Amino acid sequence: MADQTPTILQIVPRLDTGGAELSTLEIVAALVRTGARALVATEGGRMAERVTALGGEIITLPLETKNPVTIFANGQRIAQIVRERSVSLVHARSRAPAWSALMAARRAGVAFVTTYHGAYGERGRIKRLYNSVMARGDTVIANSRYTSDLIRSRYGALVGTPVIIPRGVDIARFSPDSIDAERRTRLRTAWGIEPHERVILHAARLTTWKGQRVLIEAVGRLHGEGRLGNGMLVLAGDAQGRNDYAEGLRQLAGELGISDRVRLVGHVEDIAAAFAVAYVTVVASIEPEAFGRAAAEALAVGCPTITTNIGAPPEIVLAPPEVSREQATGWHVPARDAVALAEAIAEALAMPDAERQAMSARAVASIAARFTVAAMQRQTLAVYDGLLGTQLAARFTASQTHPV
């Protein structure tokens, strides 16, 4: 009979910020609710303490490295941990440590799961081989239809059919009713935004492929045409050492005459309030997103969202021609197209109140029906059940019906 309180070891390089990191924490919480043991091997990070707070355990290893010698050494250490802690399943969420995890799982004879969180670039045979570890799990989880299709196109013979489990949104945290006026006012004040001004929000780290330059160009175009009205662009995200890029964004805003309309506010801790403050959110990525957390969280709060029409965000944001205008929760625009983006922003800013309120209600309902944390947790536990013969998903569901 299968051990009904298995030990699950998740592997992630660092626990700072991002989709893989948040998913790790959410699965720790789900495992603890079922009575299973939740271990996380990581190099550390600002969210590491939350693992312990949730009832899991941190195992510190140098997992950020891409050095082959250290990757091999990590594999030996993880295999030892698997044996010593009676680990039943290893779940890897990033490429370099996934090689260590794969070696350990095969050596110890335990189940190995991967989650393909990113649309990893492939330039040459070596990079393709390096990336392929994410397709070598006994079960491979894809976080979107886009990611699943990408995996199958690259590694069809190796991987079979991935299990699609989208990222989830914490509906309670991102409920518009849970975000009071004080939180919204606090952010507006911190950003220097007046109550009557309409915020165009871009929530992503500052890096070229997230499309901040295209967005600034679009806002500059609207300003030059006299169509920006009281719109204010807020770029919310860490530079993560890319200070030259951040300075380049400020210079571009200056050249377009919109320095007073653009705010670079850095990392925003209260991101739910940020989306609540926004009149429209923009996902301007010029390369494909494997999921699109910002789009999902913005819609959960009820903020209409514009996204480029590449990668997974179009699965999240409903827009014509895939749906009727009456079903839309936002807009799709071509990537790198500042003109099309400007038109979508202008349309969003000019929406009558009743039309925006209707779109906002549709957005909230759409995310609640399709992208919840609880659904992601239950589906991931079901993957573990399929490999281990356990009943974790059923116990998790029961714990929600009868909270512990």
- For Val133, which of the numbered conditions (1) under 21 Å from Glu21 (Cβ atoms); (2) in a loop (DSSP other than H, G, I, E, B) fails to hold? (2)
- Task: Can you tell me which residue among Pro334, Pro313, Pro304 is buried (at least 24 other Cβ atoms within 10 Å of the Cβ), free of Cβ contacts under 8 Å to residues at least 40 places away in the same chain and in contact with a Ser or Thr (Cβ under 8 Å, 6 or more places away or on another chain)?
- Result: Pro313
- Note on the structure: Residues of the stretch 337-369 being under 20 Å from the mean Cα position of the chain (by Cα) and touching a residue at least 60 places away in the same chain (Cβ under 8 Å), in sequence order, are Ala363, Val364, Ser366, Ile367, Ala368
- Within the stretch 40-60, which residues are modelled with pLDDT of 95 or more, within 22 Å of Arg95 (Cβ to Cβ) and touching a Lys or Arg at 6+ places or on another chain (Cβ under 8 Å)? Thr42
- Query: Condition test on Gly121, is it outside the structural domain of Gly231 (by TED's automatic domain parsing), of a type in the set (Gly, Ala, Ser) and surrounded by fewer than 19 Cβ atoms within 10 Å (Cβ to Cβ)?
  - Reply: yes
- Message: I'm trying to understand the selection: among the residues of the stretch 152-198, which are outside any helix (DSSP H, G or I), over 22 Å from the mean Cα position of the chain (by Cα) and closer than 23 Å to Val283 by Cβ?
- Response: Ile193, Glu197, Arg198
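Let's see how each residue does on (1) among the basic types (Lys, Arg); (2) outside the structural domain of Ala284 (by TED's automatic domain parsing); (3) surrounded by 15 or more Cβ atoms within 10 Å (Cβ to Cβ):
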{"position": "Val199", "(1), (2), (3)": "no, no, yes"}
{"position": "Thr208", "(1), (2), (3)": "no, no, no"}
{"position": "Gln212", "(1), (2), (3)": "no, no, yes"}
{"position": "Ile216", "(1), (2), (3)": "no, no, yes"}
{"position": "Gly220", "(1), (2), (3)": "no, no, yes"}
{"position": "Leu233", "(1), (2), (3)": "no, no, yes"}
{"position": "Arg263", "(1), (2), (3)": "yes, no, yes"}
{"position": "Gly266", "(1), (2), (3)": "no, no, no"}
- Message: If a residue must be over 12 Å from Glu315 (Cβ atoms) and crowded, with 20+ Cβ neighbours inside 10 Å, how many such residues does the stretch 140-154 contain?
- Response: 4
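The values are calculated or read from the model by the stated rules, or taken from the named source; none is laboratory data. A quick note: this is a predicted structure, and the numbers were derived from the prediction, not measured. Note that we place each Cβ from the backbone using ideal geometry, even for glycine, and neighbour counts take in every protein chain shown.
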